[in-house]
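Read through the structure below, which is laid out as structure tokens, and then see the notes.
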Amino acid sequence: MLTTISLVIYVIGTAISLTMTYLEGVKKGRGWDVMRVMGLTLCFIWPALIVVMLVVISASGLKMKLARH
């Protein structure tokens, strides 16, 4: 259940980011240059980086708790 909720949140965040980035490019009348493609690609990557950071922080906190005992 938690995995499903997490996946839904990830997809929603990615979809919002993709939409905003795409519409920004359309509004400015830009073609499909390298920067625009990179921006759209990063929309998929940044939510995953947040998950990785949370896992690392949680693991660090667990190590600190174990070290205190």
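Per residue, the solvent-accessible area of the chain (1.4 Å probe, heavy atoms of protein chains only, all protein chains present) comes to 85 Å². Taking the C-alpha atoms only, the angle from helix 34-68 to the longest principal axis of the chain is near 10 degrees.
Calculated on the alpha-carbon coordinates, the convex hull of the chain measures out at 88 cubic angstrom per residue. Full extension of the chain between Tyr22 and Met38 yields a length gain of 4.6 nm, computed as 0.36 nm times the residue separation minus the alpha carbon distance.
Only protein atoms count toward the accessible area here, which uses a 1.4 Å probe; on the chain, the carbon and sulfur part of that area reaches 78 percent. Evaluated with a Cβ-only charge set (Lys, Arg +1; Asp, Glu -1), the chain carries a dipole of roughly 220 debye about its Cα centre, given to the nearest 20. Helix 2-27 and the long axis of the chain differ in direction by around 30°, with both axes built from C-alpha atoms.
The values are calculated or read from the model by the stated rules, or taken from the named source; none is laboratory data. Remember, predicted model here, so these are calculated numbers, not experimental data. When we count neighbours, we look across all protein chains shown, and the Cβ atoms used for this are built from the backbone with ideal geometry, even at glycine. Surface areas here come from the heavy atoms of the whole protein model, side chains and all, with no ligands, DNA or RNA. Shrake-Rupley method; radii C 1.70, N 1.55, O 1.52, S 1.80 Å.
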